[in-house]
Amino acid sequence: MSASDTPPVRHHMERLAAQGIDVVRVTYPDLIGTERARDVLLDHLPSATSHGLAFCRAVYHTSPQGDVVAVPGGLDAGLPDISVRPDLDTLTPLPWEPGVASCLGDVTDPATGRPAPESPRDLLRAVVEKARQVGLHPIVGPELEYYLCEEDPGTARGWRRYSDAAGVVYTAGLRADGDNHLLRTLRLLRDLDIDVTSGNHEFDGGQFEINLTHSDAMSAADRAFRFKAAVKELARKEGRLATFMAKPFLGAGGSGFHLHLSCTDEDGGNLFDDPAAPYGLSATARHAVAGILAHAPALAALSNPTINSYKRFGPDTLAPWLIDWGLDNRSAMVRIPPERGAGSRFELRLGDASANPYLLIAGTVAAALLGVIAGDEPPAPLEGYGYDPAKSPILPQSLPDALDALEADTALTEVLGKDFTTAYLSYKRDEVARFHRHVTDWEFTEYAYHL
């Protein structure tokens, strides 16, 4: 009996066929968190599971504009394969695609049989294992914001915000969502079984936030990845664009990707809670916060991964600008929500919505782990409204600065792995170089008439 004929595979095929499903979409994240995929006819699922699906490894090195970046192991190696095997434990029907189920894929290098170095899912898996070796089991709750856009053929961009309504933060219903986008999306995401909990209109017109429940780090990343892909797919079905770009519109706020992080022990007890300790936070929690603060410049390269990301930063934006922490203080980079006991955690507000969920969570867990190992204490928490550079260090203010900080942070890159770090830095520095060669609309407006 071959691996493809094992009872678990047959069981899945029978279950899917009974649901009227004849196609399985096998998906996995690339370096920037975009969904790469192949549709597999159900009858060929055993072969895909046994032998894997061949993709060119350079899919990890391909830019949004289709350029193949010269990353070691790609072009220089003759564009070799990676192999993607369906993770059948993640199978779920797509509520908006009759006859189609989706599952995540595990990526290996056929030459070595080991995970591909650029695989974000495997990077997170390795970082979580390192945390578990010292007794930390990360629990993560993702919060993501995005803009919904409608076609606007008369403009250079071709898109405008779905709604220009002002003063609609923390609202729901038709007041700022005339077509009930949020309700429709929430219900379909519920049926996708990724544990969304709630949603609301966010600060600016056309901006929404949908929250997912907390879970172990891998499940949280898987669900956040599928969430982003689903929201974009649902918008496309309506002829719209959902964008998780950090700051897509001048004069409007940015979109964040906030992470709530705690750690449990083997028995599920919250390791961040200690009623007798300062602020009700255990030494483990305080050390984890200190690790996030110490490695924040490098972490920015993963949590704020685009040229555009740094246009979200700045005073009075409610996006972090300084490296600080505070007790229930939304102007701090790390916020400690008021709950204690089983709800003890911190909220990292650094990330923007363009971040790859696997890399953001892996970097956050790695920084917290290094803090726990070092045993350092954080400085006094921020009091009052923040954004005073006299009180706290400033985060990197550009992607090149953040990439330099990542490369220089050898402790963090050791946890993340040399091969991944080399690939990521090569890819992102090519992005910076391409941007600097591009002539923008701002430059033409600023210079063409007067110079």
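The values are calculated or read from the model by the stated rules, or taken from the named source; none is laboratory data. Note that the structure is a prediction, hence the values are computed from the model and not measured. Here Cβ is always computed from backbone atoms with ideal geometry, including for glycine, and neighbour counts include all displayed protein chains. Ligands, DNA and RNA are excluded from the accessible area calculation, which covers all protein heavy atoms including side chains. Shrake-Rupley method; radii C 1.70, N 1.55, O 1.52, S 1.80 Å.
For residue 54 and residue 276 in the same chain, what is the full-extension length gain: residue separation times 0.36 nm, less their Cα-Cα distance, in nm? Don't skip to the end; give the middle numbers.
Numbers: separation 222, 0.36 × 222 = 79.92 nm, distance 5.50 nm.
Full extension from residue 54 to residue 276 adds 74.4 nm.
Quickly rank 380-393, 316-329 as a protection proxy: mean count of other C-beta atoms within 10 Å, highest first.
Taking the mean over residues of other Cβ atoms within 10 Å, the ranking is 316-329, 380-393.
Ignoring ligands and nucleic acids, what accessible area does residue 161 show with a 1.4 Å probe (Å², nearest 10)?
Only protein atoms counted, so the area is about 50 Å².
Give 130/311; 228/428; 232/311; 391/418 a once-over and call out the pairs whose C-alpha atoms are over 27 Å from each other.
From 130/311; 228/428; 232/311; 391/418, over 27 Å: 130/311; 391/418.
Stretched out fully, how many nm does the piece from residue 156 to residue 180 gain, at 0.36 nm a residue minus the Cα gap?
Numbers: separation 24, 0.36 × 24 = 8.64 nm, distance 2.76 nm.
Once the chain is fully extended between residue 156 and residue 180, it gains 5.9 nm.
Using a probe radius of 1.4 Å on heavy atoms only, what accessible surface per residue do you get for the chain? Whole Å² is fine. Numbers along the way, then the final one.
Working: 19480 Å² over 451 residues.
Here the residues of the chain average 43 Å² of exposed surface.
What ranking, highest mean first, results for peptides 419-425, 107-113 when packing means the other Cβ atoms within 10 Å averaged over each residue?
Ranked by mean Cβ neighbours within 10 Å, highest first: 419-425, 107-113.
Which of the DSSP-defined H helices in the chain satisfy a minimum axial length of 24 Å, computed from C-alpha atoms, and a minimum mean Kyte-Doolittle hydropathy of -1.0?
On the way: long enough: 217-237 (30 Å, -0.23); 357-374 (26 Å, 2.07); 418-437 (29 Å, -1.13).
For the chain, where a helix must reach 24 Å along its axis and average at least -1.0, the hits are 217-237, 357-374.
Testing the spin-label approximation: label points 7 Å from Cα along Cα→Cβ at residue 328 and residue 391. State their distance in nm.
Output for this residue pair reads 1.7 nm.
Using mean Cβ contacts within 10 Å as the protection proxy, how do 308-315, 442-449 order, highest first? Don't skip to the answer; put the middle values down first.
Working: 308-315: 19.4, 442-449: 9.1.
Those peptides, ordered most packed to least, come out 308-315, 442-449.
Sticking with the crude label model, points 7 Å out along Cα→Cβ, report the distance from residue 443 to residue 316 in nm, one decimal please.
A separation of 3.1 nm, rounded to one decimal place.
Out of these labelled values of mean projected area of the Cα convex hull in nm², [x] 24.3; [y] 20.6; [z] 23.0, which was calculated from the coordinates shown here?
This structure yields the entry labelled [x].
If I compute solvent accessible area with a 1.4 Å probe over the protein chains, what percent of it on the stretch 296-398 is carbon and sulfur? Mind dumping the intermediate values first?
Values: 1900 of 3340 Å².
So the carbon and sulfur contribution to the accessible surface is 57 percent.
Using a 1.4 Å probe on the protein chains only, how many percent of the accessible area of the stretch 190-270 belongs to carbon and sulfur?
Details: 1400 of 2970 Å².
Result for the stretch 190-270: 47 percent of the exposed heavy-atom area is carbon or sulfur.
Where the Cα atoms of the stretch 1-101 are projected onto their three principal axes, how long is each span, largest first, in whole Å?
Largest first, the stretch 1-101 extends 45, 36, 18 Å along its Cα principal axes.
What residues qualify as long-range amide H neighbours of residue 281, i.e. H under 5 Å apart, gap of 5 or more or another chain, H built at 1.01 Å from N?
Excluding prolines and chain starts, which carry no amide H, the hits are 274.
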